[in-house]
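What follows is a short report on a single structure.
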Amino acid sequence: MHPRLTTLILALLTSLLSAQTSIFNAPDIEPFTYSGPSTSRLEIVPVEAQGFTRAMRLRTPDGLPATAAREYSIRVRALVPTELKRNDWVLATFFVRATERSGDTAFVKLNFERAVSPYTKSLSAGLPVPDEWKRYQIPFQIAENYNPREAYFDFWLGYDPQTIEIGGVKIEKQETGFNVQGIETGYSYQGREADAAWRKDAAERIDKYRKADFKLTVTDANDAPLQATVQLRMKRHSFAFGTAVVAQALLSSAPDDLKYKEWFFRLFNSAVFENDFKWPGFEQNRTRALTALDYLRDQGFTMLRGHTLVWPNFTYLPADLRTLANNPEAMRQRINNHILDEGRATAGKFRDWDVLNEPIPNRDLQNVLGDLEMVEWFKKAREADPAARLFINEYDIIPNAGANKVKQDEYYRLITWLKEKGAPLDGLGEQGHFGFTLTGIDKAKQIFDRFAELGLVIEVTEFDIDIYDEKLQADYTRDYLTLCFSHPSIDSFLMWGFWEARHWKPQGAILRRDWTLKPNGEVWRDLITKEWWTNADLKTGEEGLATQRGFLGDYEITVLTEDGRSKTIPATLVKEGTTLTIKLD
Ligand code: 9MR
């Protein structure tokens with residue numbers, strides 16, 4: 001065939017294969033209507049020198065309610081007139097800019113949701129809005145089947161006072177052959193640049209807080225200094241680099257489970273059970289949960305996290321709790337017995353316990369028993385397991401551009417209040433489930449710094465990034481992990497799963513189904529097992545002394561002399577530095 005003809009046919013095929021149809025009957029901004037306070041309204045304004053000529057302009061006024069609901073208290077939305085099926089791909093393209101803003105960045109959130117309760121979301125993406133026009137292209141998959149007029153496409157604007165313009169809107173269903181990796185989304189984050197200023201500061205903090213000096217003296221049996229070679233081999237970090245795991249997999253020898261364990265041991269020194277120690281999970285199969293916990297202890301895991309004693313939402317509690325809503329005393333007893341029972345059954349085995357999970361949005365138990373009951377839960381946990389560090393855990397504190405100031409304030413206030421009321425609280429968890437709206441590194445640090453003022457240990461407890469842009473995912477994993485490792489108040493960083501086939505958000509995994517590492521997995525491996533790892537071969541000097549700065553953790557030290565004597569000892573490099581004399585017989 002003539003090459004020109006081939007090219008033509010290929011081009012034709014490609015355009016056929018990437019067919020798209022608008023999900024609305026009207027173009028651009030026409031399908032959208034305003035819903036919100038009467039102190040604001042939707043204006044249509046002309047736009048110059050762009051590929052579109054009109055935009056929606058909305059002003060977010062002062063004085064929106066100080067609750068999470070304020071996000072959607074002002075919005076423009078369009079009812080979807082077409083049918084959509086579960087797993088359909090939709091690409092939302094639009095331009096935004098801010099003509100007024102209050103803080104560092106203006107912000108909108110884009111949602112695709114069921115029109116009625118439970119408002120199932122196929123997309124919920126917060127977007128930083130710059131002062132200049134910016135194009136976003138957001139691909140997403142439809143979560144469930146919709147008949148015409150059963151779903152909304154929304155822009156939410158209920159954040160700090162701002163004026164936002166939105167134009168050039170195209171929301172199209174992708175018929176076939178859609179290549180999501182090929183989409184230039186427009187997403188990124190502050191601090192991604194190779195020469196971003198935060199990198200140097202973080203590197204200095206890592207040297208200061210995560211490293212210390214070994215001072216090793218080698219002598220003979222009579223304490224005389226010896227010339228020797230000293231091999232330092234790091235074995236384990238003292239910082240916890242963990243993941244959520246599944247008890248059933250740890251106890252199984254099926255081929256994939258063997259792989260699962262092999263990778264888990266290779267990449268992590270800490271773990272949290274994803275579901276096994278939740279109240280319903282523990283009641284259903286406590287033997288399996290406890291056996292798996294013992295298994296990890298036997299494998300040398302000392303930095304384990306228990307998750308979670310109280311997750312105060314009836315959906316996540318044993319079914320009978322709901323029936324106790326009219327009997328507070330029985331409910332109180334049931335909860336206290338549970339905390340004591342599970343806490344005692346695991347006492348001494350978890351370093352940390354999530355006593356209270358997500359108490360800001362989940363209030364079913366507090367609504368019945370009152371807020372002071374939360375203090376009791378911590379006291380009961382302390383009673384059951386006196387050695388464990390007790391945590392509160394919450395989501396959406398750092399993610400989504402760190403824009404959820406309302407929730408940050410509520411979390412801060414709740415922790416302060418719990419401490420005032422005498423709750424034995426040692427630490428706070430910041431889950432870290434990220435979507436496309438990554439949080440600038442400086443902003444993330446500001447939020448961590450603010451929570452560090454509470455004087456508690458901070459852990460990143462459930463990190464994942466649910467995006468298909470693997471390069472962006474890897475870059476952010478590297479930068480966020482680096483920031484967290486550098487922060488003096490943080491001592492653990494746990495992922496919420498690692499293998500695609502066993503991950504609540506498969507895209508968030510670091511290992512593919514076929515056990516190959518994704519770019520974000522390579523980043524994780526390289527930082528934790530190479531860049532932040534110390535192996536060194538040293539020679540003792542005149543005084544028999546060898547020194548080395550290294551990452552805090554457990555080591556094996558081997559001393560070899562020229563005349564063939566040798567000795568290997570375990571040693572731990574601690575914050576204050578470790579000084580040791582190694583005596584050869
Ligand atoms: O990943 C967990 C999923 O398998 C469970 O079905 C779900 C309900 O128990 O919980 C998921 O984990 C959640 C965690 O316990 C708390 N923070 C949010 C996590 C993701 O939803």
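The values are calculated or read from the model by the stated rules, or taken from the named source; none is laboratory data. Note that this is a predicted model, so its numbers are computed, not measured. Backbone-built Cβ (ideal geometry, glycine too); neighbour counts: all protein chains shown. With ligands, DNA and RNA removed, areas are computed over all heavy atoms of the protein, side chains included. Shrake-Rupley method; radii C 1.70, N 1.55, O 1.52, S 1.80 Å.
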Residue match in the range 233-241 (condition: within 16 Å of the ligand (Cβ to nearest atom), buried (at least 16 other Cβ atoms within 10 Å of the Cβ), closer than 17 Å to G521 by Cβ and not hydroxyl-bearing (S, T, Y)): no
Residue under evaluation A66, criteria (1) surrounded by fewer than 12 Cβ atoms within 10 Å (Cβ to Cβ); (2) farther than 30 Å from E410 by Cβ; (3) at pLDDT below 95, criterion not met: (2)
Q473 among the polar types (S, T, N, Q), in contact (Cβ under 8 Å) with a residue 12 or more places away in the chain and within 16 Å of the ligand (Cβ to nearest atom): no
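Take the residues in the range 186-204 that are surrounded by 18 or more Cβ atoms within 10 Å (Cβ to Cβ) and within 16 Å of T439 (Cα to Cα), then tell me which one is modelled with the lowest pLDDT.
Taking the range 186-204 as the starting set, the residues that turn out to be surrounded by 18 or more Cβ atoms within 10 Å (Cβ to Cβ) are 187, 189-191, 198, 202.
After this cut, where a residue has to be within 16 Å of T439 (Cα to Cα) as well, the list is 187, 189-191, 198.
Numbers: Y187: 88, Y189: 94, Q190: 93, G191: 97, W198: 98.
So the residue we want is Y187.
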Any helices (runs of 4 or more DSSP H) falling wholly within the range 248-319 and containing at least 3 residues that are within 16 Å of the ligand (Cβ to nearest atom), crowded, with 16+ Cβ neighbours inside 10 Å and modelled with pLDDT of 95 or more: 279-284, 286-298
Cβ-Cβ under 8 Å pairs, at least 6 apart or on other chains, the range 224-239 side in a strand (DSSP E or B), far side open to solvent by 40 Å² or more (accessible area, probe 1.4 Å) and modelled with pLDDT under 95: P225/E542; P225/E543
The one condition in (1) open to solvent by less than 10 Å² (accessible area, probe 1.4 Å); (2) assigned to a strand (DSSP E or B) that D491 fails to fulfil: (1)
Odd one out for Y119, checked against (1) at pLDDT 95 or above; (2) open to solvent by 40 Å² or more (accessible area, probe 1.4 Å); (3) assigned to a strand (DSSP E or B): (3)
Residues satisfying the stated conditions in the range 537-585, i.e. over 26 Å from P488 (Cα atoms) and assigned to a loop (DSSP other than H, G, I, E, B): T540, G541, E542, E543, G544, T561, E562, D563, G564, R565, L584, D585
Among the candidates R135, R149, R114, residue that is in contact (Cβ under 8 Å) with a residue 12 or more places away in the chain and on the phi > 0 side of the Ramachandran plot: R149
Any hit, the range 358-373, residues being within 16 Å of the ligand (Cβ to nearest atom), in a strand (DSSP E or B) and of a type in the set (V, I, T): no
Residue check for P81: modelled with pLDDT of 95 or more, outside any strand (DSSP E or B) and not aliphatic (A, V, I, L, M): yes
Residue check, W156 in contact (Cβ under 8 Å) with a residue 60 or more places away in the chain and under 23 Å from G63 (Cβ atoms): yes
Residue within the range 331-343 that is out of contact with any Gly (no Cβ under 6 Å at 6 or more places or on another chain), away from the ligand (no atom under 16 Å from the Cβ), open to solvent by 20 Å² or more (accessible area, probe 1.4 Å) and on the phi > 0 side of the Ramachandran plot present: no
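Within the range 495-533, how many residues are within 16 Å of the ligand (Cβ to nearest atom) and in contact (Cβ under 8 Å) with a residue 12 or more places away in the chain?
Step one: of the range 495-533, the residues within 16 Å of the ligand (Cβ to nearest atom) are 495-510.
With the extra rule that they be in contact (Cβ under 8 Å) with a residue 12 or more places away in the chain, the set shrinks to 495-505, 507-510.
Of the residues in that region, 15 qualify.
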Of the criteria (1) within 16 Å of the ligand (Cβ to nearest atom); (2) of a type outside the set (G, A, S); (3) in contact with a Leu (Cβ under 7 Å, 6 or more places away or on another chain); (4) under 30 Å from R70 (Cα atoms), which one F350 fails: (4)
